[in-house]
Structures are given as structure tokens and as C-alpha cells.
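Trainee: Before I ask anything, let me first share the structure, which is written out below as C-alpha cells.
Each value in this text was obtained by applying a stated rule to the coordinates, not by laboratory testing. As the structure is a prediction and not an experimental result, all values here were calculated from the model. Here the Cβ positions follow ideal geometry from the backbone for every residue, glycine too, while neighbour counts run over all protein chains shown.
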Amino acid sequence: MNYILLTSIKKQIMNFSDFKNSGNVLSKEEMSGVKGGGTCGYKGADGTIICGISKAGALFMLTDKGDRWCCDSCGTSSYCG
């Protein structure tokens, strides 16, 4: 059997204001990219292409007729890339 000996582990708790002022916070533009604000796309089986929409908008457009949608992979898609 393998045993792991844990010695004292130092835990450090940072207040939100300390974190906010630390310079390790994303800008609003960077956060929008992370959250996917308007970065999704849709391609309908009928050829309709809509890029730069929200994920909810892309999913709303979907039917069971062979439609496609993308968010994180839109840059490599043939329709929104």
C-alpha cells in the first residue's frame, strides 16, 4: 500500500477586493469572449447562415432537418469561420 504523508498545508484566503485589485481580472471584452457573448452561429439545412448570435439564439433556430450550430468551434466552421 502507498501512503501519502501530508504535512502542513498553508491555505490562503484572498478577499474579493484584494483579487480585484491584483491585476488578475479579465476585462469586460475578455469576459464576453469567455461567456460566448454573440460568438455563436447557425446554418440551416436550407442554406440560411446567421453568425454572431447568442448560444440561445442558435439553439432556438435548430430543427431536426440537418441544421448545424457552433459556438467555441465557429472559427473552424465552414459557415462562420
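Trainee: As a footprinting exposure proxy, order Tyr42, Tyr79 by other Cβ within 10 Å, with the fewest listed first.
Mentor: Fewest-to-most Cβ neighbours within 10 Å comes out as Tyr79, Tyr42.
Trainee: Evaluate the relative contact order of the range 38-81 (contact order divided by residue number), counting alpha-carbon pairs under 8 angstrom at least 6 apart; express in whole percent.
Mentor: Answer for the range 38-81 is 43 percent.
Trainee: When a footprinting reagent is the concern and you count Cβ atoms within 10 Å, what order do Thr39, Thr76 take, fewest first? List each step's numbers first, then the result.
Mentor: Numbers: Thr39 21, Thr76 9.
Arranged by neighbour count, lowest to highest, Thr39, Thr76 become Thr76, Thr39.
Trainee: May I pose another question? Can you tell me how much longer the chain between Ser54 and Asp67 gets when fully stretched, taken as 0.36 nm per residue apart minus their C-alpha distance, in nm with one decimal? Mind showing how you got there, number by number?
Mentor: On the way: separation 13, 0.36 × 13 = 4.68 nm, distance 1.61 nm.
Using 0.36 nm per residue and subtracting the Cα-Cα distance, I get 3.1 nm.
Trainee: If you line up the Cα atoms of the range 38-81 on their principal axes, what length do they span on each, largest first, in Å?
Mentor: Per principal axis, max minus min of the Cα coordinates gives 23, 21, 13 Å.
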